[in-house]
Each structure stands twice: as C-alpha cells, then as structure tokens.
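Novice: Have a look at this one before I ask anything.
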Amino acid sequence: MPVNVIWFAGKPQTWHCLYSYYKQSAYSGEVVGYYRESFFTKVINIAAPADVFESDFDQKTSYEIRRAIKDGVTTTTETDVKNFVDFYNSFAKTKQLPKLSSNFNNYLSRIIITKAVYNEQDIVMHAYISDMSLKRVRLMYSASLFRNENDTQLRAVTGRANRLLHLRDMCFFKEQGFEVYDLGGYAEGTTDEALIRINQFKDSFGGALIQESDYLPMPALVLSFFNKMFKS
C-alpha cells in the first residue's frame, strides 16, 4: 500500500507511483503508473456571507438547527485527539465500521476537530483535513453516540446537533479564512439506500456537486492483488 497520501493536488507525478496515492486531485486525465477513479463530492462556498450559504439549506435543516439551539446544544473545537479517537472508535463499533487506523496520525498537523455538546456530554464530533493554501477544509470523519440506543429523545437531539455543528463549522472555518467546505464525498448514481440517505443529508445543505479524481498507484494495486491471491 502507498505510504503517502497527497490531497487536492494537480496532475500526479509519475515517479511518485511507488509510494503515493493522490486523493481528490483536480486533474482528470490518465497518468502512467496510476489507476484513476472518479470521486464526487459536495462543496459549499463559505467565502460568501453566512446568510447566503445558509439560505441554501432546505427547510428541515434550518428548522432542526433552530431546534438544536433551543435544546441548548453548544459547539466548540476539540484539542484532545485521543478523546476524538476513542469517541469515533466507539461509534464505529456500534455501526460495524473500521476503527481509525494509525494513518490518522499522519494528518495531525492538518486535522481540525469540532464537537457538539449537550448536557455536558459530547454527542457529535467532526474531524477535518485542512489545506490553507487552497483555503479548503474537507470532512474526513463524523461520529455520534447515544447513551442508550433506545433513547429516542437523545437520538433526535443528536441528529439536530449534527446539523447545527455543520453550520457552526462553516462559520468557524470562514472566520479562519477558508473558502471551500467539502462534505467529504458523494455516492453519485448509487442505488444503495443507506448511501442515498447520506446523499440526501448532504444535499440538505445546498452546495455544488463536483467531480475530482483519485489516483491509485499501480504497483500498490498489483502488490495487493498478489497478497490476496497467496492468502486465499
């Protein structure tokens, strides 16, 4: 597998194909040494005034944000990385998702973590990778937890808090000088109901659907193929 991930770059460099994976490249052509995959994502222009991008939210999202504020949900940044990792991994276990890998530590200098708090309990967390040179932030991980899976009130508050956190994150990043808020991928053309629901959630914030490119190094793909073949 590649040991280095290069985010938001232009055309991949052929000599990097032994050790680098290009994620969400602006380039769309074929490159020797790489396998290209299309990557879709929703982005929001947070260079615009906040009331302008907020006006693109659908009615349900705007309503639930107002409800979250009435609920007493607060938002802030999280500086304790271990707290986030523990929070996300607990969430991942309930959803049967992979835990955070050690690769997460490779991005720490560019990671910004935010959270929503309700009744002194962390209920939602977002982790972003940032690129100030491009004035872009991209959601990498989103997690939420419930004390009791059957606590419908807490579940409702958490859903509202997640929407509020997205808005507060947009405003926070705008204040920091960022201009592009990337919701972290969009399953274009999917028929999977779970992914359709995620798409609908992202659509509820407005924004624009864009297509970028992921470039996977061929040597790593070949090595992965042979590893699987010999293990089977």
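Rule-based calculations on the coordinates, nothing more; no lab input. Computed from a prediction, not measured in an experiment: that's the story for all the values here. We place every Cβ from the backbone using ideal geometry, glycine too, and count neighbours over all the protein chains shown.
Novice: Decide, for the stretch 47-178, between rounded, prolate and oblate: order the square roots of the alpha carbon gyration tensor eigenvalues as a ≥ b ≥ c, take rounded if a/c falls under 1.5, and otherwise choose prolate if a/b is larger than b/c, else oblate.
Specialist: Since a/c reaches 1.5 but b/c is at least a/b, the shape of the stretch 47-178 is classed as oblate.
Novice: Still on this structure, please answer the following. Take the alpha carbon gyration tensor of the stretch 129-221, find the square roots of its eigenvalues, order them as a ≥ b ≥ c, and report rounded if a/c is under 1.5; if not, report prolate when a/b exceeds b/c, else oblate.
Specialist: Judged from the Cα gyration tensor, the stretch 129-221 comes out oblate (a/c at least 1.5, b/c at or above a/b).
Novice: Using a simple charge model, +1 on the beta-carbon of Lys and Arg, -1 on the beta-carbon of Asp and Glu, nothing else, what dipole does the chain show about its Cα centre, in debye to the nearest 20?
Specialist: Dipole size: approximately 420 debye.
Novice: For a 20 Å ceiling on Cα separation, which of these pairs sit above it: K42/K135; K60/K99; K82/K115; K23/K95; K99/K174?
Specialist: From K42/K135; K60/K99; K82/K115; K23/K95; K99/K174, over 20 Å: K60/K99; K23/K95; K99/K174.
Novice: Please figure out what share of the DSSP beta bridges in the chain is antiparallel and state it in percent, rounded to the nearest 5.
Specialist: In the chain, approximately 85 percent of DSSP beta bridges are antiparallel ones.
Novice: Continuing with the same structure: Treating only the Cβ of Lys, Arg, Asp and Glu as charged (+1, +1, -1, -1), what charge dipole size does the stretch 16-122 show about its Cα centre? Round to the nearest 20 debye.
Specialist: Approximately 300 debye in magnitude.
Novice: Tell me, what is the percent relative contact order of the chain, built from C-alpha pairs under 8 Å that lie six or more residues apart?
Specialist: Relative contact order of the chain: 35 percent.
Novice: Give me the dipole magnitude in Debye, nearest 20, for the stretch 47-178 about the Cα centre, with unit charges on the beta carbon: positive for Lys and Arg, negative for Asp and Glu.
Specialist: Dipole size: approximately 240 debye.
Novice: Right, another one. Give the shape of the chain as rounded, prolate or oblate, defined through the alpha-carbon gyration tensor: a ≥ b ≥ c are the square roots of its eigenvalues, a/c under 1.5 means rounded, and otherwise the shape is prolate if a/b is larger than b/c and oblate if not.
Specialist: Here the chain falls in the prolate category.
Novice: In degrees, nearest 10, range 0 to 90: what is the angle between the Cα axis of helix 59-71 and the longest Cα principal axis of the chain?
Specialist: With rounding to tens, the tilt is 60 degrees.
Novice: Same structure, new question: Would you list T74, T190 from fewest to most Cβ contacts within 10 Å?
Specialist: So the residues, fewest neighbours to most, are T190, T74.
Novice: With springs only between Cα atoms under 10 Å, which of L134, L165, L145 fluctuates most in a Gaussian network model of the chain?
Specialist: Maximum fluctuation in the GNM of the chain, among the listed residues, is at L134.
Novice: Something else: Counting only helical runs of four or more DSSP H residues, what would the 222 nm mean residue ellipticity of the chain come to if each run contributes -39,500 (n - 2.57) and the total is spread over all its residues?
Specialist: -11500 deg cm²/dmol
Novice: What is the local net charge at D131, summed over the other residues whose Cβ is closer than 9 Å to its Cβ (Lys, Arg +1; Asp, Glu -1)?
Specialist: Its environment carries a net charge of +4.
Novice: Sticking with this one: Kirkwood Rh over alpha-carbon pairs of the stretch 1-123, then Stokes-Einstein at 10 °C and 1.306 mPa s: what D in µm² s⁻¹, rounded to an integer?
Specialist: Using the Kirkwood radius from Cα pairs, D works out to 87 µm²/s.
Novice: Quick one: angle between helix 193-203 and the longest Cα principal axis of the chain, in degrees between 0 and 90, rounded to 10, please.
Specialist: Value to nearest ten degrees: 70.
Novice: Using Cα atoms only, what is the angle between the long axis of helix 152-175 and the major principal axis of the chain, expressed in degrees (0 to 90) to the nearest 10?
Specialist: 70
Novice: What's the exposure ranking of M218, M125, going from fewest to most Cβ atoms within 10 Å?
Specialist: Lowest to highest Cβ neighbour count: M218, M125.
Novice: Give the order of V85, V32, V124 when sorted by the count of other beta carbons within 10 angstrom, beginning with the fewest.
Specialist: V32, V85, V124
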